[in-house]
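Written below as structure tokens is the structure these notes are about.
The values are calculated or read from the model by the stated rules, or taken from the named source; none is laboratory data. Keep in mind the model is a prediction, meaning the values are calculated, not measured. With ideal geometry, Cβ positions are generated from the backbone for all residues, glycine too; neighbour counts draw on all protein chains shown. SASA here: full protein model, heavy atoms, side chains in, ligands and nucleic acids out. Shrake-Rupley method; radii C 1.70, N 1.55, O 1.52, S 1.80 Å.
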Amino acid sequence: MSRMGIPPEMAARCLIVLVLASTITTSIGQATAAAAAGATLTPAQAFLRERCNAVTYKDPCYNDLAPYADSFGGSRTKVAVASATILMAKLDAFDKELQGVNVKFPGKYQVDVCKKMVKDATEGQRERLARFKALEAIDDAKVTANDIAELRKWATDTWMGYNKCDEDTETMPDVNEVLPSYEPLGVVMLNCVNLIVGIKA
């Protein structure tokens, strides 16, 4: 007999039962949570989640585009164009940040390479966005590589320009202090490239 008056064999059986009960409860809880999570997605949200699962930064992709999920109608092209539109807005915000560097840190950092990237990416922005927006009228099954050539080139060129920004940012001890939008911009940009490439995947 144990000190508590329970035979060792019975104590062992009780422990096994408790472990099994805990395992079953955990499994049921996980299954219920997964089912609940799936149940909360509308068809439009599920489509967007599927598209965002194919990019590098899945959750930021979904969070950025979720407010527009109902407008996509199952179109990969519309998702990509929306991502490009968001990227344009982020580039505008980053440009303002770049303009303020010499005010916050006078004579300390050079950001000319980053400024050139933004200038190249946003030049003729209104007309470019109008052309991108026109792509939404083309059914995914009918869209051609030529149709999205400008969109794809713009996104990849902008991504390459962003990577050259390292020439500026590598001199900064803490890039997040000098340019808080720099790293988040890269996330949006790479996701945008992924989504555009995925139109014809």
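Rounded to the nearest percent, how much of the accessible area of segment 45-183 (1.4 Å probe, protein heavy atoms only) is carbon and sulfur?
50 percent
Taking the Cα centre of segment 114-201 as origin and assigning +1 to Lys and Arg Cβ atoms and -1 to Asp and Glu Cβ atoms, the resulting dipole is close to 480 debye. Rolling a 1.4 angstrom probe over the protein chains, ignoring ligands and nucleic acids, what is the accessible area of D70 in square angstrom, nearest 10? It works out to around 130 Å². Residues of segment 109-149 falling in the label zone of K164, defined by backbone nitrogen less than 19 Å from a point 7 Å along Cα to beta-carbon, are 110-125. The figure for R128 is an accessible area of roughly 40 square angstrom, using a 1.4 Å probe on the protein chains alone. Look at the dipole of segment 69-190 built from charges on Cβ: of P173, G74, V111, the Cα furthest out on the positive end belongs to G74. Normalised per residue, the accessible area of segment 125-201 is 54 Å², obtained with a 1.4 Å probe and no contribution from ligands, DNA or RNA.
Whole-Hz Karplus values for segment 44-51 come out as 5, 5, 5, 5, 5, 4, 4, 5 Hz, taken residue by residue from phi with 6.51 cos²θ - 1.76 cosθ + 1.60 and θ = phi - 60°; glycine and proline positions read x. With all protein chains in place and ligands, DNA and RNA left out, the 1.4 Å accessible area ranks W159, W154 as W159, W154, largest first. Pairs from the table (K104/K153; K108/K164; K133/K164) lying more than 24 angstrom apart at Cα are K104/K153; K133/K164. Accessible surface calculations at 1.4 Å, restricted to protein heavy atoms, place segment 75-119 at 48 Å² per residue. Relative to the 2.2 N^0.38 Å rule of thumb, segment 98-169 has a C-alpha radius of gyration ratio of 1.47.
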